[in-house]
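As structure tokens, the structure follows; a few thoughts come after it.
The values are calculated or read from the model by the stated rules, or taken from the named source; none is laboratory data. No experiment lies behind these values; they were computed from the predicted model shown. Glycine also receives a Cβ, built like all others from the backbone with ideal geometry; neighbour counts cover every protein chain displayed.
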């Protein structure tokens with residue numbers, strides 16, 4: 001029916017256990033259909049074998065703009081074929097592929113595909129197992145990708161090392177607006193590394209930054225102040241010591257106000 005239908009633009013078949021046969025059927029349909037724009041296929045027990053069929057469709061179909069493949073059973077082999085498909089796709093603007101089983105190799109392949117894609121604006125890879133090597137690969141992708149605006153890499157076992165390697169790419173990226181890194185064991189050092197990357201990137205587009213809930217050290221609080229002064233419109237969310245966090249926020253607001261008043265006086269003079 002969907003092969004021949006030229007009116008339906010959104011399809012939601014989440015949680016239907018479609019499996020490999022369902023993946024085959026949808027792949028064949030997407031090779032012919034040119035009206036579906038939004039496709040929700042989360043929770044359908046798609047595994048590495050199913051990924052091959054879906055990858056063929058992703059490569060060839062340029063009409064689907066929103067694709068949800070979260071809550072499936074994709075592993076590293078799926079990461080390789082889907083990563084290659086993402087690199088070739090010229091239609092996707094939003095891809096959700098959270099709650100799967102992408103680890104180091106699969107994560108790196110997905111990240112490589114992201115680096116080559118020039119259309120994708122939203123990517124959600126949360127609740128996978130990207131680890132440090134996957135985070136580093138995403139950092140490399142951000143160096144060359146100048147389109148992505150929202151990235152969710154929460155709960156991916158990214159430690160201090162991974163956060164610092166990811167930050168290298170963030171330092172050069174100009175288009176990312178929203179970054180979610182919560183529930184990663186980055187510790188204070190990793191969070192500081194991310195903030196320092198923003199501090200060094202005068203052209204950053206980041207407007208919302210969610211960092212893990214960590215104990216707020218004096219160094220971290222001062223770094224937050226410095227970043228907020230540079231980017232007063234940045235919404236920075238993190239946990240930790242609320243008292244120190246509030247004190248830090250008030251200090252940053254006061255410094256920003258003084259800076260504005262000083263500039264105003266100089267203009268009058």
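Summary table below
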{"read-out": "Residues of region 90-105 that turn out to be at pLDDT 95 or above and out of contact with any strand residue (DSSP E or B) (no Cβ under 9 Å at 6 or more places or on another chain), as a count", "value": "6"}
{"read-out": "Some residue of region 73-96 being at positive phi and buried (at least 19 other Cβ atoms within 10 Å of the Cβ)", "value": "no"}
{"read-out": "Number of positions in region 204-232 that are at pLDDT below 95 and under 21 Å from the mean Cα position of the chain (by Cα)", "value": "2"}
{"read-out": "Any hit, region 137-152, residues being under 17 Å from residue 236 (Cα atoms) and touching a helix residue (DSSP H, G or I) at 6+ places or on another chain (Cβ under 9 Å)", "value": "yes"}
{"read-out": "Pairs with Cβ under 7 Å, 6+ apart, first in region 43-56 and touching a residue at least 24 places away in the same chain (Cβ under 8 Å) and at positive phi, second surrounded by fewer than 18 Cβ atoms within 10 Å (Cβ to Cβ) and part of a helix (DSSP H, G or I)", "value": "45/19"}
{"read-out": "Some residue of region 145-152 being surrounded by fewer than 20 Cβ atoms within 10 Å (Cβ to Cβ) and more than 15 Å from the chain's Cα centre (by Cα)", "value": "no"}
{"read-out": "Filter result for residue 83 (touching a helix residue (DSSP H, G or I) at 6+ places or on another chain (Cβ under 7 Å) and under 16 Å from residue 124 (Cα atoms))", "value": "yes"}
{"read-out": "Enumeration of residues in region 14-32 that are more than 21 Å from residue 81 (Cβ to Cβ) and surrounded by 13 or more Cβ atoms within 10 Å (Cβ to Cβ)", "value": "14, 15, 16"}
{"read-out": "Filtered residues of region 216-240 (kept if surrounded by 15 or more Cβ atoms within 10 Å (Cβ to Cβ) and part of a loop (DSSP other than H, G, I, E, B))", "value": "216, 217, 231, 234, 238, 240"}
{"read-out": "Considering residues of region 176-196 that are farther than 13 Å from residue 165 by Cβ and either touching a helix residue (DSSP H, G or I) at 6+ places or on another chain (Cβ under 6 Å) or free of Cβ contacts under 8 Å to residues at least 12 places away in the same chain (or both) only, the residue surrounded by the fewest Cβ atoms within 10 Å (Cβ to Cβ)", "value": "187"}
{"read-out": "Residue, surrounded by the most Cβ atoms within 10 Å (Cβ to Cβ), within region 118-131, restricted to residues that are in contact with a helix residue (DSSP H, G or I) (Cβ under 9 Å, 6 or more places away or on another chain) and assigned to a loop (DSSP other than H, G, I, E, B)", "value": "130"}
{"read-out": "Among residues of region 138-163, those that are in a helix (DSSP H, G or I) and more than 17 Å from residue 98 (Cα to Cα), counted", "value": "10"}
